[in-house]
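The block underneath contains the structure these notes are about, expressed in structure tokens.
Quick note: the coordinates plus some simple rules give every number you see, no bench work behind them. Just so it is clear, the structure is predicted and the values come from calculations on it, not from any experiment. Note that each Cβ is placed from the backbone with ideal geometry, even for glycine, and that neighbours are counted across all protein chains shown.
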Amino acid sequence: MKTVLTREASVSSSIPETRLVCRVCQKQFAQYTCPRCNSRYCSLPCYKGHSLRCTESFMHENVMDEMRQIQPEDETKKKMLDILKRFHSEEETECEEEDDSTLSEETIQTFLSGKNIRFEDLSNEEIKQFQRAVASGILSKMIKPWEPWWLKPSARMVSLGRSGNQLVRAIDEHDVQTSSHNTSEISFSEIPAGPEAPLPSLDRLSHIDPSPLLAVHLLDVLYTYCFTLRLYNGDWHCDPLEASMVVLTISSVLKEGTLPETAAEALSNCLEEACSPMYRHIGGFQFGVGLLDDVIKLLSLNSNTLICLLCDLRRLILAGGKMLKSEKICMAEKEENRRMLKFSERKIYFFMCWVHNQPTETWSCMDGMVKAEKASLASVEYDYSQSKMETSGAKNSVLIKEV
């Protein structure tokens, strides 16, 4: 079958735009690409009809690949065991180093009298105790927990234009009065805004076919976004530069280097960074595994919601780059950070365009990948806890015999 090319002159530009006709119905312009065979199609019915064998085998192979990751001798399982052992050993070391020092009588009396206590008013021992409390995350319990926007009902009702940009609607005085009286109406301001400009097709961004591993790489990006927002309690605007550095630390996709080839590899890399000493105070291994539920929830929503998420992440990176300009650091370090942020910003924009071109079935397939990986991690954690109990029991039995 020959590919039909048409050229449509743009009113605002003298450069003609090349568009492909759907290879299924041959009536509409193709807007999407099959992630398996790269066939171009215009709508969901054409995607389902272009090759039933193709769509079913694509999903089957991806799910089977992830199921293979659950095998006991898998390298990812060994990696997760190492993360668990390292995390628990560091946790035990911290517990041994803790002391039971309390506030001095003078500080307590100052506090009870209603006066403000400055950091300089604390003794050296009290300052150390305060810093340990900050590092351990004890003080974070005093902050009201943030409810992620993707867990709210309005996250399922995000609408964007056909080109992936925001919908614009004129609001008159009657609409404002109606919405003010109707308190039960859902507020869409709690959802990150989508892109203001239309998203171009992938063939306009690159002449090379998209990598079949983009779905795997997107899991890394989603996990990184969820981690960053939960770390900042939903408000990355308080320090966009530091938040953007967190993104580059957790993600192995948004920085230059070796890219993961499987969902297990992508998520285990993120989990390893999330459990590192730098972020251990947030919640450790349980918190890192819990973020998989966030990723699963996001994949159960529509493509528009994912585009809004990526758009918010892109704004974070751009704000970090803007803040970097005023930072007083050496020029070499500033230039390196600027280059990394620019690289990640471009990559996020490409993901936005790729997500816009994907059918709904893509997200259900990726959902299966993450669920399989979560089951694998649960198995690893159970095996580790069982082996730890057996080791503890063996030590106790030896002590009894010696007595």
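Miscellaneous remarks
- GluC sites (Glu not before Pro) lying in DSSP loop within segment 295-344, provided at most 14 other Cβ fall within 10 Å: E327
- Cut-off under 5 Å, modelled amide H: who pairs with L20 long-range: A30
- Among the listed pairs K255/K322; K255/K325; K128/K255; K152/K371; K144/K322; K322/K347, those beyond 24 Å (Cα-Cα): K128/K255; K144/K322
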